[in-house]
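Written out below as structure tokens is the structure these notes cover.
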Amino acid sequence: MSDPVQSNLGGGKPFPLATKPFAPDDEAALREALKRCSPSTFEAAVQFRKTGNADHMPAVVIGVIERFVEPDLRTKLKDAGDDLRLIEDLGIDSLTMMEIVILVEDVLQLSINNDELRNLRTVGDVKTFIDCKIRGLPLPRPTKFLPIEHIGAVMPVQPPFLFLNEASVSSTGANGKYKITGQEFFLQGHFKDNPVMPASIMLEALGQLAVLFLLEGAPTEPGKMIGSNTIFFTGCEGVRAHRMCKPGDILTLSIKPKRMKMPLATFEGAIRVGQEKAVIAEDITLTFAFVESTVAPASIEGAAQAGNGEASANPPLRVAMNA
Amino acid sequence: MPRVFITGLGFVTSIGNDAESVASSLREMRHGFELYPPFQKPDIACKVVGTIKGFSTDSVDPEDWTWPAGYEIKRETIRSMAPHGLFAHCAFLQAVKDARLQEADVSNRDTGLFAASGGSPMLTYYHHDRMLKLGPARCSPLGIVASIVGTLNFNLTAAFRIQGASTGFSSACASSAHAMAYAFEEISRGRQKRMFVVGGEDGNLGAILPFAGMRTLSNQTDPNLASRPFDAGRDGFVGTGGGVVVVLEGEDEVARRGVEAYCEMLGWGQASDGYNVAISHPDGTGSRIAMENAFAATGVAPAQVEYVNAHATSTLIGDVSEARALRSAFTDKGARPAISSTKALTGHGLSLAGAMEVGFCALAMRRGFTPGSAHITHLDPECEGLNIIRSTIPQGPKVVLKNSSGFGGANVAILLGRS
């Protein structure tokens, strides 16, 4: 019996743009297909099928995922952002992922190749993926989960001034974590007998995550790469600190690119501790430059391959076929 | 060689969805037949089915199904099931409770599961039809494990985290008797300490109606007359489905856990007719040898057997074959056990039948009655010399023989004892 991951179930056919007019029969079929989804999911699907407007897509995709998640985990889907993980956070196994894909294919009238599914690890990955399919854009590189060793190897900043323990980078942004150990050298004086993480260092941490995004996630030009020693801080606006952060706190950092035009890249950033907001920055702007990608495959493609290699070693979509 | 005991039972059957109601249906000889709505069409001659009550599994989508209150089953568990997977899952939960097993008793390397079902023709058809019409990309990833033969063992082994032996048995209407037999072997050879034996069938149009092609179904329209094994007027079997779970445990486990067993499984025998793919040997040769082998394996003498739960399905040929086998195995040896076929009440459960009827025997032994053979008005003359009891005897048998026969002429005889 063949392994469905290996077989080409999706057929790899090019996605047929919704050219066929949306008939009452189609609406009935759609209603049946989405009968266990929320009414708003059905509405969004109808709108998408009628207009082809991709803006309705996220509501459909989230609605379909929600339908397959056990009821007690559904609240997570409501509150959480795009970095919510399908397997670890939502308990979706590879077979459920296939059920989701089949329903999404059916509802949005598109065709998804199994190979394309393997790297979808977060809700954001799924949304971006479907969005690209609908708009006919090239598929984004999958979210890469970078351990500290990898971060240390690519970053121009090094300990004791590196404030990232782990990070994930996708084409739409980056997320990271840093635990304040209490051993940071500056806490000896900030403040006297009262160690508090300086707000400026928290901004630095967000800046470092943005640097990591430029090196690991940002689009480049053919034959070029962003030089790690070309990236510098230029400005920062709309910064507000909401909460003191102290040893033992785990900072959850996220940045999203807002504008990118050589030589400037502007990000929005936020730091949370658990569910509490700690710092937000509306604009963090870095300057960067391209360099000849003499070792381009190693840095960009190679990293992507490393991501893939990691995925095949521990693929999120490994279908358990013992048949 | 450790002795093997039946310590737990679970039932979802046409005559009741728990041990209590099954016992009273057997004792009072209440059948579970109804005019089955999907069969009430001019081109379908067969009308009566032993229906499962309290469950709704007509839909091909498990998420549409409903079941009696008290069973909590997640979507993740039910999505890969056939209707009989649901029946058996509920029966399994009953059996675990009945045997007073803890979670750790169920999931360990010394506990296994053998199952038998004919798969799910309804779901096989649905998924194939969908594949051919819409292409394989639109097929459920779980269509295969929900429908092929083996679906029962796949699903229950996974759902209950079984870590010991697991497999399925396929000898048609002898399947779950074979499962019982080899589960006995696992324990008596010391390979496992505890075995779950599971039988199941959808019991719906897909599972039953194909037998109309063989002309083996009763076309009686009166639910009170349709299934009447050993009666001269019988005209075929009435189909049924459900799920039954029997817990077998070695004597050490029974002692360690301090539970009361229903009865001991003394042993078993089997033999094949070597005759026809679907017709039983006219003289019941295979069935007779299976019984003789069971006697030889256990040292039980025919005269010790107090009750025979016959395979008799109410078909013209099958019942006569078995009657002849019983005559040579018992009457000719001077033995006269009480004989009945509980299929007169339940209908024929196909792969489910063996485990279901062993469950009935265990229940009758513990509760002290011997179920009668219902719906006999004119005993078939072929049954002369056999003590076919037409009403329930208010005493439980001490030694029971359970016959099962399946396509290909497979025959299994199981011996149970209670001191």
Shape metrics for the protein assembly as shown, restricted to C-alpha atoms - Rg then Dmax, Å: 33.4, 106
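Using a ≥ b ≥ c from the Cα gyration tensor of chain B (square roots of the eigenvalues), is it rounded, prolate or oblate, where a/c under 1.5 gives rounded and otherwise the larger of a/b and b/c decides, a/b for prolate?
Here chain B falls in the oblate category.
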FRET efficiency for residue A:88 and residue B:161, using Cβ-Cβ distance with R0 set to 25 Å, rounded to 0.05: 0.75
Within-11-Å neighbourhood charge of residue A:66 [Cβ basis; K, R +1; D, E -1]: +4
Percent RCO, i.e. relative contact order, over segment A:137-224, from Cα pairs under 8 Å lying at least 6 residues apart: 31 percent
Integer Hz, Karplus 6.51/-1.76/1.60 couplings in order for segment A:125-132, x for Gly and Pro: 4, 5, 4, 4, 4, 5, 4, 5
Given charges at Cβ of Lys, Arg, Asp, Glu: the protein assembly as shown dipole, positive-most of A:176, B:188, B:10: B:10
Over chain B: helical MRE at 222 nm, DSSP H runs n ≥ 4 each giving -39500 (n - 2.57), nearest 500: -9000 deg cm²/dmol
Where labels lie 7 Å past Cα in the beta-carbon direction, separation of residue B:109 and residue A:29 in nm: 5.3 nm
Charge context of residue B:149, other residues only, Cβ under 13 angstrom, K/R +1, D/E -1: -2
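Pull out a ≥ b ≥ c, the square roots of the eigenvalues of the alpha-carbon gyration tensor of segment B:266-417, then state rounded if a/c is under 1.5, prolate if not and a/b is larger than b/c, and oblate in the remaining case.
rounded
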Those lysines that a straight Cα-Cα span of less than 16 Å connects to residue A:277, excepting residues fewer than 8 apart in one chain: A:177, A:179, A:246
Residue-count net charge about residue A:249 - beta-carbon cut-off 14 Å; Lys, Arg +1, Asp, Glu -1: +4
Per-residue ³J(HN,Hα) for segment B:108-115, Karplus 6.51 cos²θ - 1.76 cosθ + 1.60, θ = phi - 60°, Hz, x for Gly and Pro: 6, 6, 9, 10, x, 9, 10, 9
Eligible lysines near residue B:193 by straight Cα distance, threshold 26 Å, same-chain separation 8 or greater: B:97, B:398, B:402
For residue B:238, residues with placed amide H under 5 Å, excluding near neighbours: B:218, B:348
Size of electric dipole in chain B: Cβ of Lys, Arg +1 and of Asp, Glu -1, about Cα centre, debye, nearest 20: 360 debye
Segment A:24-135, relative contact order [Cα under 8 Å, separation at least 6], %: 28 percent
Amide hydrogen neighbours beyond the local backbone of residue B:393, cut-off 5 Å, H modeled: B:370, B:372
Förster radius 60 Å - calculated FRET efficiency between residue B:138 and residue A:192 (Cβ-Cβ, nearest 0.05): 0.30
Per-pair calculated FRET efficiency, R0 = 22 Å: residue A:77 and residue A:139 via Cβ, rounded to 0.05: 0.40
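Quote the charge dipole size of segment B:289-348 about the Cα centre in Debye, to the nearest 20; the model charges only the Cβ of Lys and Arg (+1) and of Asp and Glu (-1). Could the numbers behind the result be given before it?
On the way: 5 positive and 5 negative charges, 15 e Å.
Approximately 80 debye in magnitude.
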Computed over segment A:221-272, Cα set: Rg, Dmax in Å: 14.9, 44
Rounded to the nearest 20 debye, dipole of the protein assembly as shown from Cβ charges on Lys, Arg, Asp, Glu: 340 debye
Separation between Cα centres of segment B:180-236 and segment A:31-88, rounded to whole Å: 45 Å
Amide hydrogen neighbours beyond the local backbone of residue B:4, cut-off 5 Å, H modeled: B:265
Overall form of segment A:144-292 per C-alpha gyration tensor (a/c, 1.5; a/b vs b/c): prolate
Mean separation of Cα contacts under 8 Å, 6 or more apart, over the residue count of segment B:266-417: relative contact order %: 36 percent
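Taken together, the values in this text are just the output of simple stated rules run on the coordinates, not laboratory data. Computed from a prediction, not measured in an experiment: that's the story for all the values here. Cβ coordinates were reconstructed from backbone atoms using ideal geometry, including for glycine residues, and neighbour counts include every protein chain displayed.
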